[in-house]
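Visitor: Have a look at this one.
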Amino acid sequence: MNRTALIHHPVCHLHDMGDDHPESPKRLEAILNRLDETGLSQQMTLQDARLARKEEILLVHHPIYVEQVERISPSHGLIQADPDTLMGPYTWEASYRAVGAGVQAVDEIMAGLYKTAFCAIRPPGHHAEPATTMGFCFFNNIAVAAAHAIARYGLKRVAIVDFDVHQCNGTIEAFQDRPEVLVCSSFQHPFYPNSHWQSEHPHIVLTPQVTFGTSEDLRNDWENKWKPALLNHQPEMLFISAGFDAHTLDPMGQMNWQTKDYYWITEQLVQVADELCQGRIVSMLEGGYHLKALADSAEQHVRALMKLPGG
């Protein structure tokens, strides 16, 4: 049994918001090419993402919103779904495949087919609120996967760790009144979406970092906030919203995380998952817009999921 699955679907390349849009199919190409070139993909269980079922998406999203996304799906050209989010002919299917990847990962990990999964999908998801398209996101992929783990398998506690230059407003909206879901979020502040950066809920652990936050800031947040929260929560499955746009080279933010940081934080999460939840981790791609830095960082993330040395 391979320890780690790589879940993907070709239609995720076909969702295209235009040549000048930063959330481009080239992002997936950079990651998948790197995993092929390094031989990592040959050591993983490769899976085509299935389509999510509507009832799975409804675990998080409002029925009218789900129907609206389907209704406005264009047969040609692009339509503006949000000020910075566009929808083309393949967006609806890509969105359903992106959600389906996370649900599929939960099912197959719970069936014992592998321990961890990296879902190389797009559109990303963590900005999508229950009834709102936002920030390149239509459905909240990681939130649906976590909600599915609870609904389908009766898990009592799960945790979502989100490292991204942007704050996971949609994930917090989905779970702020559900204490069985611990959400830990690292993000640049002040920065988009300029909301949800404070919380009175003890199961929502926010670690805003000032502009030009460093590797040391990440390590401090882990030791002082995230790790204690995870140990206290005792999750039965761990979910990662893996954004790579806090990298020092990324044009979307002003942070100073290094490539090695993505190996380090993933390694810490793998150790906690081994201790608390039988090693079960579902990771889903979020941000990352400098193609080389994205490929470098995603490679290190996958190496750590596979328990291989960092490159």
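Visitor: Quick check on packing: order 239-248, 190-199 by the mean number of other C-beta atoms within 10 Å, highest mean leading.
Guide: Put in order of decreasing packing, that is 239-248, 190-199.
Visitor: Counting every Cα pair in the range 172-311, what percent are over 21 Å apart? Intermediate values should be presented prior to the final figure.
Guide: Numbers: 3993 of 9730 pairs.
Distances greater than 21 Å cover 41 percent of the Cα pairs.
Visitor: Working from the alpha-carbon coordinates of the range 253-309, get Rg over Rh, Rh being the Kirkwood radius.
Guide: Details: Rg = 12.0 Å, Rh = 12.0 Å.
My calculation puts Rg/Rh at 1.00.
Visitor: Which residues' amide hydrogens lie under 5 Å from the amide hydrogen of Ile240, considering only partners 5 or more residues apart or on another chain, with H built in the peptide plane?
Guide: Val161, Val282, Ser283, Met284
Visitor: Report the extension gain between Lys260 and Leu113 in nm, rounded to one decimal, defined as 0.36 nm multiplied by the number of residues separating them, less their alpha carbon distance. Kindly include the intermediate steps, with their values, before the conclusion.
Guide: Values: separation 147, 0.36 × 147 = 52.92 nm, distance 2.89 nm.
Here the segment from Lys260 to Leu113 would lengthen by 50.0 nm.
Visitor: Report, in deg cm²/dmol and to the nearest 500, the calculated mean residue ellipticity at 222 nm for the chain, where each DSSP H run with n ≥ 4 adds -39500 (n - 2.57) and the sum is divided by the residue count. Could you put the intermediate results ahead of the total?
Guide: Working: 11 runs with 117 residues, N = 311.
The helix contribution divided over the chain gives -11500 deg cm²/dmol.
Visitor: What does the highest-first list of 100-108, 121-129, 169-177 look like by mean Cβ count within 10 Å?
Guide: Taking the mean over residues of other Cβ atoms within 10 Å, the ranking is 121-129, 100-108, 169-177.
Visitor: How big is the convex hull of the Cα atoms of the chain, per residue, in Å³? If you can, show how the numbers build up before the last one.
Guide: Numbers: hull volume 35.0 nm³, N = 311.
Convex hull volume per residue, Cα atoms: 113 Å³.
Visitor: State the Cα centre-to-centre distance between the range 32-56 and the range 213-261 in whole Å.
Guide: First find each Cα centre; the distance between them is then 23 Å.
Visitor: Residues of the range 258-283 with backbone nitrogen within less than 18 Å of a virtual label 7 Å along the Cα-to-Cβ line of Phe212, please, listed as ranges.
Guide: 258
Visitor: Mind putting a number on the dipole of the range 4-305 about its Cα centre? Charges go on the C-beta only, +1 for Lys and Arg and -1 for Asp and Glu, and I need it in Debye to the nearest 20.
Guide: With Lys and Arg at +1 and Asp and Glu at -1, about 580 debye.
Visitor: Could you please report the charge total around Asn220, scoring K, R as +1 and D, E as -1 over all other residues with beta-carbon less than 14 angstrom from its beta-carbon?
Guide: On the way: positive: Arg219, Lys225, Lys227; negative: Glu216, Asp217, Asp221, Glu223, Asp261.
Counting the neighbours of Asn220, the net charge comes to -2.
Visitor: Mind checking which lysines have their Cα closer than 29 Å to the Cα of Lys225? Skip sequence neighbours fewer than 8 apart in that chain.
Guide: Those lysines meeting the cut-off are Lys115, Lys156, Lys260, Lys307.
Visitor: Additional query: Out of all DSSP beta bridges in the range 4-305, what portion is antiparallel? Express it as a percent rounded to 5.
Guide: On the way: 5 of 40 bridges.
Around 10 percent antiparallel, to the nearest 5.
Read the figures in this text as sums done on the coordinates, not as results from a lab. Just so it is clear, the model here is predicted, and its values are computed rather than measured. Virtual Cβ from ideal backbone geometry, glycine too; neighbours counted across all protein chains shown.
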